[in-house]
Amino acid sequence: MTGREKRKAHACSADRRRELAKNYTLYLRSIDGDAEGTDTCRVWCRSSSIPIHPATGLRTDPHRQKSSADLVSGSIPVLDLQSSANSLPQLSRIYSEWGVFQVVNHGVPSTLLEEMKEVGLRFFRSPMEFKLRYACDPGSAASEGYGSRMLSKEEGVLDWRDYFDHHTLPEFRRNPSVWPDFPENYRDVVMDYSNNMKLLAQRLLRMISKSLNLPDSYIEDAIGEVYQNITISYYSPCPQPELALGLQSHSDIGAISLLIQDDVGGLEVLKNGEWVPVVPLSDAIVVILADQTEILTNGIYKSAVHRATVNSHLARLSVATFHDPAKTRKISPLHQLITDHSPPKYREVVYGDYVSSWYDKGPEGKRNIDALLIQH
Ligand SMILES: O=C(O)CCC(=O)C(=O)O
Ligand SMILES: [Fe+2]
């Protein structure tokens with residue numbers, strides 16, 4: 001199967017989910033008896049006529065694509081940033097074949113990673129009335145604050161996820177007074193975390209330039225001033241995990257995303273048509289190449305399609321830090337990577353237009369970047 005055929009096959013299962021999603025009803029649901037004491041959580045739940053599994057009593061969706069956790073063992077590459085054994089060809093292979101990997105010995109203090117997850121957890125486990133004080137504006141795309149769904153379109157596939165989005169960089173966008181003030185170190189931890197993630201993202205972008213035999217700062221310069229957002233996602237236990245996704249299949253739209261997760265597991269990456277679990281490793285940071293890096297590298301490096309699954313017994317928390325170009329930035333394949341044998345694969349795009357199209361069409365799979373493909 002070609003990559004395009006695989007994406008199409010994958011999109012079919014997403015179509016099927018969208019069809020089923022017509023039967024969703026929204027309600028405020030109390031999740032009590034959650035092992036970790038969560039009180040209330042806003043979730044979307046489905047009331048449909050999907051068959052009920054005889055043993056579990058849960059409704060099942062026979063069309064939901066199985067994750068490869070059920071099919072194969074194995075996980076994504078792990079890169080030790082302190083190791084001298086990281087050869088450029090090895091790095092290139094990881095970037096081009098996977099577009100996602102975990103880094104260890106990355107220089108970010110493990111105490112900060114733990115604090116970031118801890119403050120997020122304290123917020124999500126606080127009473128709903130407190131959380132709603134920070135509610136984001138559901139009518140405006142990518143607004144800062146607490147929310148429960150990613151898309152505002154009625155027909156969209158819905159995610160079993162609560163989140164808090166922070167605008168953290170450039171500094172003029174950073175307004176800690178709109179972030180929670182409980183626990184009391186929340187705002188300081190988010191700022192410290194933001195600064196550390198920016199440094200790591202820059203280091204990784206330099207490694208990417210180097211692996212393409214470009215001057216170190218090349219990709220960073222093409223991206224320009226970094227716009228950074230930090231999203232904490234909280235996936236409460238889902239009574240029917242077979243039917244839901246915490247976050248549907250997508251590629252991130254910016255340049256590079258850095259993600260930490262607790263030890264529950266649920267992040268999966270699409271590779272050769274199969275969903276590969278990203279096994280949580282303590283102190284590791286998951287690096288996810290995003291669409292603008294794919295465009296800049298003329299498709300030599302791929303953005304990774306990923307999703308988050310949910311489970312019936314444990315809540316899960318992740319923190320994703322997105323590094324994007326400014327909305328006015330024009331992004332196109334770097335001319336150093338264009339030759340007679342490898343002509344440009346993508347049309348130039350103004351990043352803000354790319355973002356708008358993403359919000360119009362939805363995140364499914366990679367169809368947004370596909371719209372820029374040049375037919376040769
Ligand atoms: O929660 C996760 O592991 C995935 C989060 C993610 O992909 C995102 O926020 O874009
Ligand atoms: Fe993502």
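The values are calculated or read from the model by the stated rules, or taken from the named source; none is laboratory data. All values reported here derive from a predicted model rather than from experimental measurement. Counting neighbours? That spans all protein chains shown, and the Cβs are built from the backbone with ideal geometry, glycine included. Heads up: the accessible areas ignore ligands, DNA and RNA and are worked out on the full protein's heavy atoms, side chains in. Shrake-Rupley method; radii C 1.70, N 1.55, O 1.52, S 1.80 Å.
Data table
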read-out: Trypsin sites (Lys or Arg not before Pro) within the range 278-376: DSSP coil, no more than 14 neighbouring Cβ in 10 Å; value: Lys327, Arg347
read-out: Selection of GluC sites (Glu not before Pro), the range 277-364, meeting DSSP coil and at most 14 other Cβ within 10 Å; value: Glu348
read-out: GluC sites (Glu not before Pro) lying in DSSP loop within the range 224-271, provided at most 16 other Cβ fall within 10 Å; value: Glu225
read-out: Built amide H within the under 5 Å cut-off of Ala135, gap 5+; value: Tyr146
read-out: Label-point separation in nm, Ala135 to Asp340, each point 7 Å along Cα→Cβ; value: 6.3
read-out: Within-13-Å neighbourhood charge of Leu372 [Cβ basis; K, R +1; D, E -1]; value: +1
read-out: Label-point gap, in nm, between Asn272 and Tyr359 - each point 7 angstrom along Cα→Cβ; value: 3.9
read-out: Solvent-accessible surface (1.4 angstrom probe) belonging to Lys210, in square angstrom, nearest 10; value: 100
read-out: Leu169 long-range amide H proximity, modeled H, under 5 Å; value: Gln228
read-out: Label-point separation, Phe182 to Arg93 (7 Å along Cα→Cβ), nm; value: 5.2
read-out: Net charge over other residues, Cβ less than 11 angstrom from the Cβ of Ile219 (K, R count +1; D, E count -1); value: -1
read-out: Per-residue SASA entry for Ser211, accessible area with 1.4 Å probe, Å² rounded to 10; value: 10
read-out: Neighbour net charge for Gln82 - beta-carbon separation under 15 angstrom, K R +1, D E -1; value: -1
read-out: Dipole of the range 75-370, positive end: most advanced residue of Ile256, Ala244, Ser148 [Cβ charges, Cα centre]; value: Ile256
